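Student: Here it is, the structure in full.
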Amino acid sequence: MTQAVHVDAVTKTFLSGSPKNLGTLALEKVGFDVADREFVSILGPSGCGKSTMLRMLAGIIPCAEGEIVVRGEKIFAPRDDVGLVFQTSNLLPWCTVCDNLRLGVEIRRGRKAALALDIIPMVRTLGLEGFENSFPHQLSGGMRQRVTIGQALLMEPALLLMDEPFGALDALTRDTLNMELLRLWQRNRKTVILVTHSIPEAILLS
Ligand code: ADP
Ligand code: MG
């Protein structure tokens, strides 16, 4: 198997701006490797630096100390083949469920590619039938998060980074989406790095 991600001796300190405070050490000499098509979970308590690590992998936070290599290239900025799902949904409030689902593809590959996308199977997978033309404010928090997850999956990124994507969902929806994610992964075998604080979720998925 080839390597999808290589992280070596990554240290990140957030500066506070106050002369008395030296800043927050979020990550210290972190290193790990992820093989291509592997599903890896990062498990840890709140505040241990999981989101920081994922944002650095996504190229949103710069890496000043240590090295991050994604699919053979050092990371300096966000990449088109890397998808990121945050803890909370970030849908456009003036777009319907369908338009929000197509949004990632539209931004990266244009309106034509987005409109050519068959999103009906994804709507079904996410259990959002009947809500295709609803706006985010007409959905529950869990439904909004499901749209966000669908949006990332439709982009078919080679590397999918997920930061506690199911954290805000109820247990039943969470179980369903866990199984669905596993099924999708078994079918497409993309590389996934999932941040979670749920031990059962990490065991099930990884
Ligand atoms: P986790 O996702 O594991 O809960 P985070 O990566 O969000 O943890 O945060 C790790 C540490 O870094 C925490 O102490 C947090 O306060 C700090 N931190 C995270 N982001 C910032 C930021 N933008 N500015 C300052 N400190 C931050
Ligand atoms: Mg976090």
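Student: Quick one: of the DSSP bridges fully inside the chain, what percent are antiparallel, nearest 5?
Tutor: Just about 50 percent of them are antiparallel.
Student: To continue, here is another question. Choose one answer from 69, 85, 147: the residue with the largest mean-square fluctuation in a GNM of the chain with alpha-carbon springs under 10 Å.
Tutor: 69
Student: Where a Cα-Cα gap under 13 Å defines reach, which aspartates and glutamates qualify for residue 29, not counting those fewer than 8 residues away within the same chain?
Tutor: Partners within reach: 8, 65, 67.
Student: At 222 nm, what value in deg cm²/dmol follows for the chain if DSSP H runs of at least 4 each add -39500 (n - 2.57) and the sum is divided by all its residues, to the nearest 500?
Tutor: After summing the helix terms and dividing by the residues of the chain, the value is -10500 deg cm²/dmol.
Student: Put a dot 7 Å past each Cα toward the Cβ at residue 8 and residue 132; how far apart are the dots in nm?
Tutor: For residue 132 paired with residue 8, the spin-label model returns 5.0 nm.
Student: By the gyration tensor of its Cα atoms, with a ≥ b ≥ c the square roots of the eigenvalues, what is the shape of region 1-111: rounded for a/c under 1.5, prolate for a/b over b/c, or oblate?
Tutor: Since a/c reaches 1.5 but b/c is at least a/b, the shape of region 1-111 is classed as oblate.
Student: Checking the a/c ratio against 1.5 first, then a/b against b/c, what shape does the Cα gyration tensor give for region 53-206?
Tutor: Here region 53-206 falls in the oblate category.
Student: Given Cα pairs under 8 Å that are at least 6 residues apart, what percent is the relative contact order of region 144-206?
Tutor: Dividing the mean separation by the residue count of region 144-206 yields 44 percent.
Student: When only the heavy atoms of the protein chains count and the probe is 1.4 Å, how do 84, 128 rank by accessible area, highest first?
Tutor: Sorted descending by solvent-accessible area, the residues read 84, 128.
Student: Which net charge results for the neighbourhood of residue 53, defined as the other residues with beta-carbon distances under 15 angstrom from its beta-carbon, given Lys and Arg at +1 and Asp and Glu at -1?
Tutor: Charge balance in the 15 Å sphere: -3.
Student: Among residues other than residue 62 whose Cβ falls under 13 Å from its Cβ, what is the net charge (Lys/Arg +1, Asp/Glu -1)?
Tutor: Taking every Cβ under 13 Å from that of residue 62, the sum is +1.
Student: If the only charges are +1 at each Lys and Arg Cβ and -1 at each Asp and Glu Cβ, what is the size of the charge dipole of the chain around the Cα centre, to the nearest 20 debye?
Tutor: 280 debye
The values are calculated or read from the model by the stated rules, or taken from the named source; none is laboratory data. These numbers were taken from a predicted model, which means no experiment stands behind them. Every residue, glycine as well, gets a Cβ built from its backbone with ideal geometry; the counts of neighbours run over all protein chains shown. These area figures cover heavy atoms from the full protein model, side chains too; ligands, DNA and RNA do not enter into them. Shrake-Rupley method; radii C 1.70, N 1.55, O 1.52, S 1.80 Å.
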